Each structure stands twice: as structure tokens, then as C-alpha cells.
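The structure appears right after this line, and notes come after that.
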Amino acid sequence: MSLLQLKHICKSFSGVYANENINLSVEKGEIHALLGENGAGKTTLVNIIFGLYTADSGEILWKGKPADFASPKEAIEAGVGMVQQHFSLVNKMTVLDNIILNLKGNSFFLDRAAARKKLTDLAEKYGLHVNPDALISDLSVGEQQRVEILKALYRDVELLILDEPTGVLTPQETTHFFEVLRNLKKEGYGIIIITHRMSEIMAISDKVTILRDGKQVADLTTKDTNPEELSAYMIGRELSEDYHIEGSPKNEVMLELKHVSNCHRKHSRHKLDDISLTIHKGEILGIAGVEGNGQKELAEVITGIQKTGSGEILLDGASLAGEGIRERYEAGVSYISEDRLQDSLITGMSITENLILREYKKSPFARHSLVNMSAIRKNAAEKMQQYHVRASGKSGIDTPVKLLSGGNQQKLIIARELHDHAKVIIASQPTRGLDIGATEFVRQQLTEQRNAGKGVMLISADLEEIMALSDRIAVLFGGKIVGILSREEATVQKIGLLMGGIKEEEAR
């Protein structure tokens, strides 16, 4: 008997199908991969399973019996857990409080000692280490992901849905996490995993269901397929891994950091310590490191979001001391944040409005305090076409950003930030959570900026991405630069050792 069965599931928004006649079956002890481009309907489908959406038609069977989960609470009580791509944690609460929040069986007198022990045991068993007393707001994105995974495991689920669970993990952490999943599989758990990485699908899944434009285009047994076939079903073509990196970086320095440290909160471990770096014109400088070692702080100090405690930052030879976020942007510093929903977009506003958030006061969008709506709408239509931003339904440029898929939200940010007067682009985890087609597009855009003579700082947890695009690679550990490697001398082994705080010569 299947653990979960979906029969002829349909779901539409504004008359456009997000899911059309989807059939899916997950057995006990099976890892089932769900593959498709952003906007293909994957997240809508798992949201229906988890009780966040209700299907317009079709049937869901849970352990052979009809099920209609009206809420995530009902799904969890039945034994369905889900780790979502966008976190659902309470920032002002601790890790432990988030784990036990709304837990079935909670009473007025909660045994916090027992809850802490269970959490600690789970974290130790699965290698998902996090401080139970830390505030969620003080954690990195990677650490927050660990909390989400622990929250699901804490509830003793039988089916675990994972939406891009490895997007914030290092290769070593991903390998370990897959061992966790294999152990759960052996114990009879069913697992649905959404991932865009072909290597992960081939390594961990038993079966693959592929969606395209809301339709089910293939059901495959993993051992009988290959990445090329998966790509062809998913996007209708083979991927290009040639990003056309042209020439060598120029001698001129575009961005320079001299002994930079940040103003960090007392007892915070997310700090920068004496950072010295240069980015040349026509260069991509990759920043590698395990999440929580200062990557976000580095990006925010450069862009003016965080204050510099000491040291100096120079853009094209001019000091940025005392300059705020807007002034740095106007000087030529663009920023693609790792957290697009928190830092980069106003989701209740339209595509048109989000595209002018940086320049709504400037010509041609405004003159003498008068808004030029014609120019604003023309800009939105052109950017959507140029950067292949797709909006479902008939709203087009007036579509609220919250209705866009993650990939289209990211393309929207890139369309805004990669402007003509940008000199340096700080791109932090720019392809996190994106499908392979959108990832290819984003990487090509960054490469084009490099080839045009701009400086790019690429902060990424994806070592393959770092090594494919970077001219040089700097590694962060504990808020310090522990090594800088050229493209020629960089290897996964060398970078991995540096990411762990061990220099290659010390590991021999």
C-alpha cells in the first residue's frame, strides 16, 4: 500500500493552471524527487499535500484512505512534515521555542528539559548542530534551515517533504544529510524532495516526477535515467555549461577593502575580522565558506547596510566612508541579497513598482516630483522581456511580486540591480533555490557583467558555481580570510580544507 497517492490533482489561480491532472505515488521507504523549473507547479503541489492549498479537483489518499488536510496542523498530526524553501520561523523566539511551538500535547506545564534533550539528541544524531537558546534573528540562513529540518523531525513524521533542503549546505554537509535521508528510508519513511541539482537527484532518489508548466511530463526510475534526459524533459533542451568567460581581469582595482571589521553585537559570532580584499575590473572574485562565517556581514558592510567598525572601503579609488546605502548604490555598488524576500523585494507591490525601488525619484521615472507612469510601465515591460521574467495570469507587469515563483523573483532583482552605472555587483547566493534553467541564466548575466569590465563579488555555498565562474577564490572562516586561490590552483579539496579552517599544509 502506498503511503501517499495523488489522483488527477488540479489547481488554478486566476484561471491559469498551476497543477493540471497530476498523479503521484510515494511508497514507504522511498525517496521521490520532484523536478521542474521555477513556476512549473512543484511548490503548489506539495502545498496541497501539506494542507496549505486545497485542490480544485482530484483525490488525495493517505495510507489508502481519502484525506483532505484543511491545514498544516492536520497534515502534521496525520504524519506529514514539510520543510519549506522560505522559512516559517518566529525571528524573536529561540530555536527551542520554535521547535516546540504549537506542538501537539503541549500543556501549561511544559517539560522544557525533556524537550531540550530530545532536540539536542536529534541535532547530534543528524549533525544539525544549532544553539537551542539562540534567537532565530541571530542565525544565518543555513542555521535557520537546520532549525526547519529539526522542527519536522521532532514531530515524528512518516512522510517528509523537503523543498530545496540542500540549498544552504556545503558539499560535505549535503553528503552527510543524504546519509540521514537514507537512514530514514531504511526505517520506512517516505520522502519527497524538491531539488534542481541533477547530481543530487541521481545520488539520493529512487523515482523522479517531472513537471513543466503545471503538467506532468515524465515519471522515471532514477537508476534507468541520466541528467541529460532529465534536463530535456524539464526545460526542453540541454544545458550549456560554457559561460563564455573572456580574457583576463584588468590591472585596475575596482573595489578594495583594507583591514575591514564590522560593528557587531556583543557576543555575536557573525563578525568580520581584519578583511583585506581587492576586486579588479573585469573580475569575478568568489567568496567560499560554510554558512555563518561572515558572508552576509561582508556583503552588508560593503553595501552600507552594516557599519564598518574599522578599516577602509574604496570604490574605484574613492573612499566610501560615511556613505549610506543609497549613496553607495548611486556610486556604483549593486547588491543581490541572499534573502530576496526579506531584503530585496516588497512582495505586496507589483513588478512595475519593485523595478523602480532604487530610482523612483530620478528621470525618466519622475520629474519635479511628478511621476511618469508611462516611462515606469515601459521600463517594466522591457525588463520583463530582457530578463525573461514570467508572470502567470493576465496581470503582466501589474502582477504582485508575491505571486511570482522564486526564480522569477530573483530575475526581477537582477533586472533592477544590473544597471548601466553599476561598477561592482555584490551577488550573495544569487542562484539559491533556483531551477537549472534559471541558474544558468543568472550565471550568464554575472559573466556578462564581468566581461563588460565590471567587478563581481560572488558569494556562494555552491562550490561548483564558485569554481566555474571565479577568476580568484577567497575563503572565509570565522570572519577572516584564510586563503585566496587563483582559478588554476583551486581544487575542491583545497577549498574544502580552508572552509573547515584547516590549511592544506596543516592537514598533511
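To the nearest 10 degrees, how steep is helix 112-126 against the longest Cα principal axis of the chain, on a 0 to 90 scale?
Between helix and principal axis, roughly 80 degrees.
Non-local amide H neighbours of residue 252 (under 5 Å, H modeled in plane, Pro and chain starts lacking H): which ones?
281
For a test of the definition: using alpha carbon positions, the gyration tensor, and the 1.5 limit on a/c, classify the stretch 461-500 as rounded, prolate or oblate. Could you put the intermediate results ahead of the total?
Values: a/c = 1.62, a/b = 1.51, b/c = 1.08.
Since a/c reaches 1.5 and a/b is larger than b/c, the shape of the stretch 461-500 is classed as prolate.
Could you give each residue of the stretch 439-456 its phi-based ³J(HN,Hα) in whole Hz, using Karplus coefficients 6.51, -1.76, 1.60 with θ = phi - 60°, and x for Gly or Pro?
4, 4, 5, 4, 4, 5, 5, 5, 5, 5, 5, 4, 5, 7, x, 8, x, 10
Could you give the length gained by full extension between residue 388 and residue 452, i.e. 0.36 nm per residue of separation minus their alpha carbon distance, to one decimal place? Numbers along the way, then the final one.
Numbers: separation 64, 0.36 × 64 = 23.04 nm, distance 2.07 nm.
This chain segment gains 21.0 nm when fully extended.
In degrees, nearest 10, range 0 to 90: what is the angle between the Cα axis of helix 171-186 and the longest Cα principal axis of the chain?
0 degrees
Hey, rough spin-label estimate for residue 199 and residue 244, points 7 angstrom out along Cα→Cβ, what's it come to in nanometres?
Result: 2.6 nm between the two label points.
What FRET efficiency comes out for the pair residue 213/residue 307, r = Cβ-Cβ distance, R0 = 35 Å, nearest 0.05? It would help to have the intermediate numbers written out before the result.
Values: r = 46 Å, r/R0 = 1.32.
After rounding to 0.05, the efficiency reads 0.15.
Using θ = phi - 60° and the Karplus curve 6.51 cos²θ - 1.76 cosθ + 1.60, what whole-Hz ³J(HN,Hα) does each residue of the stretch 28-41 get, with Gly and Pro shown as x?
5, x, 10, 9, 10, 8, 10, 10, x, 5, 4, x, 6, x
Simple spin-label model, 7 Å along Cα-to-Cβ: residue 419 to residue 131 in nm?
3.9 nm
Compute the separation of the alpha-carbon centres of the stretch 433-494 and the stretch 34-102 and state it in Å as a whole number.
34 Å
Please turn the phi angles of the stretch 2-11 into ³J(HN,Hα) values with the Karplus equation 6.51 cos²θ - 1.76 cosθ + 1.60 (θ = phi - 60°), one per residue in order, whole Hz, x for glycine and proline.
The phi angles translate into 5, 6, 9, 9, 10, 10, 6, 6, 10, 8 Hz.
List the aspartates and glutamates whose Cα sits under 15 Å from the Cα of residue 281, skipping any in the same chain fewer than 8 residues away.
246, 252, 256, 316, 420, 448, 471
With each label point set 7 Å from Cα along the Cα-Cβ vector, what nm distance links residue 327 and residue 120?
Going by the 7 Å Cα→Cβ label model, 4.9 nm.
Among 140, 310, rank each residue by its count of other Cβ atoms within 10 Å, from fewest to most, as a rough exposure measure. Working shown, then result.
Numbers: 140 20, 310 13.
By the 10 Å Cβ count, ascending, the order reads 310, 140.
When 176, 196, 259 are ordered from fewest to most other Cβ atoms inside 10 Å of their Cβ, what list results?
Numbers: 176 14, 196 23, 259 11.
In order of increasing Cβ crowding within 10 Å: 259, 176, 196.
Residue 502 to residue 73: extension gain in nm, 0.36 nm per residue of separation minus the Cα-Cα distance? Write out the running numbers ahead of the final one.
Working: separation 429, 0.36 × 429 = 154.44 nm, distance 4.44 nm.
Full extension from residue 502 to residue 73 adds 150.0 nm.
May I ask you to compute the full-extension gain from residue 372 to residue 54, defined as 0.36 nm times their residue separation minus their alpha-carbon distance, rounded to one decimal in nm? Working shown, then result.
Details: separation 318, 0.36 × 318 = 114.48 nm, distance 4.11 nm.
Additional length available on full extension: 110.4 nm.
At a Förster distance of 35 Å, what's the computed FRET efficiency of residue 113 paired with residue 187, Cβ-Cβ distance as r, to 0.05?
On the way: r = 27 Å, r/R0 = 0.77.
For residue 113 and residue 187, the calculated efficiency is 0.85.
When only C-alpha pairs under 8 Å and at least 6 residues apart count, what is the relative contact order of the chain, in percent? Don't skip to the end; give the middle numbers.
On the way: 1010 pairs, mean separation 83.6, N = 508.
Averaging sequence separation for qualifying contacts and normalising by length gives 16 percent for the chain.
Computed from the coordinates by the stated procedures, all read-outs in this text should not be read as laboratory data. Source: prediction; values computed, not measured. When we count neighbours, we look across all protein chains shown, and the Cβ atoms used for this are built from the backbone with ideal geometry, even at glycine.
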